Amino acid sequence: MSQLAPLVKRPYLALIGVFDSGVGGLSILDEALRQLPAHDYIYLADSIHAPYGEKSSEWIASRSMELCQYLAAQGCDAIMVACNTATAEAIADIRDELSNIPIIGVEPGIKPAAMQSSNGIVGVLATEATLKSDKFSALLATLPNCQFVKQAGAGLVPLIEAGQAHSEQTLELLAEHLEPIQEAGADTLVLGCTHYPFLRKAIRKLLGDSINLIDTSEAVVRQLKRKLESQGMQLDDDEYGTIKFISSKDAQNLHHMAHELMQSDLDKHSITSQLVSSFT
């Protein structure tokens, strides 16, 4: 596997790796840039293999470990596994292997959803792999007094990866997936995949403004912030660090999608992008 030269870090500044199967983790990066704009970031998208949610548990665990080891080799001070599927299947082993740096995962926000729900009926839109994982089942077992309507969002991730988040095709497919949740009377919906926050407008169009949407990106980045501050890594928020976009498929498209999907002003950051073909 080819190695990139590690970024030169300023004093007290962290180099943060963000890993996802594709562009979904850009929702986490977006929040990180809002809360922690001064740090440097490597965003690694394994787009050639997206989506992960339809692959075997063994493959997901092995691939996730490989890519996180790569980020650690680049000198990352912390890694965000910005993929619900990878977190569910691999986070424990990754933390054991890379125990010298913080590893922050993401998981469906079913606990805050249960707390916010008025009628105790919560919809969970996630990948098949996440919904079937032992980690997710263990989370559900801690909340026996809430009814969770689980729905796999099959086909949504490839459409978002193809730049079709706002297309009529995506809206129609999303409507099919949300129908069981709507029929069950859920008043809260968990966005259980980092790709799904990019469907907020479409979800609001279909379900209206009354349903609570639970996205854990803000809480995830707050956890990262606590970890970094405990190590003395912080800078003034009026500074802007660098971003390196790395893709296993198409680095230019990843850069383009970041501009399309993210709300952060990327022009304030120094940005580079690179294809790493050895990830294939």
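The values are calculated or read from the model by the stated rules, or taken from the named source; none is laboratory data. A quick note: this is a predicted structure, and the numbers were derived from the prediction, not measured. Cβ atoms come from the backbone with ideal geometry, glycine included; neighbour counts cover every protein chain shown. Surface accessibility is based on the protein's heavy atoms, side chains included, excluding ligands, DNA and RNA. Shrake-Rupley method; radii C 1.70, N 1.55, O 1.52, S 1.80 Å.
Observations
- Partners of residue 135 within straight-line reach, counting aspartates and glutamates whose Cα lies under 16 Å from its Cα and excluding those fewer than 8 residues away in the same chain: 58, 89, 93, 107.
- Qualifying lysines (Cα of each under 29 Å from Cα of residue 205; at least 8 residues distant if same chain): 111, 132, 150
- Put simply, the amide H of residue 14, placed in the peptide plane, has neighbours under 5 Å in 40, leaving out anything fewer than 5 places away on its chain.
- Note on the chain: dipole from Cβ charges, positive end direction compared against 72, 87, 27; the farthest Cα belongs to 72.
- For the chain, the per residue solvent-accessible surface stands at 43 Å², with DNA, RNA and ligands left out and a 1.4 Å probe.
- Ranking 273, 247 from most to least accessible surface, computed with a 1.4 Å probe over the protein chains only, gives 273, 247.
- Surface composition of the chain: carbon and sulfur atoms hold 46% of the protein heavy-atom accessible area at a 1.4 Å probe.
- Annotation: aspartates and glutamates with alpha-carbon distance below 16 angstrom to residue 244 (same-chain offsets under eight excluded): 20, 30, 40, 46, 77, 265, 267.
- Between the residues 142, 155, 123, the greatest Cα displacement towards the positive end of the dipole of region 122-177, with unit charges on the Cβ of Lys, Arg, Asp and Glu, is found for 142.
- For region 97-233, the Cβ-based charge dipole about the Cα centre amounts to some 480 debye (Lys, Arg positive; Asp, Glu negative; other atoms uncharged).
- Dipole magnitude for the chain: about 360 debye, using +1 per Lys or Arg Cβ and -1 per Asp or Glu Cβ, origin at the Cα centre.
- 0 to 90° range, to nearest 10: angle between helix 217-230 axis and the chain longest Cα axis: 40
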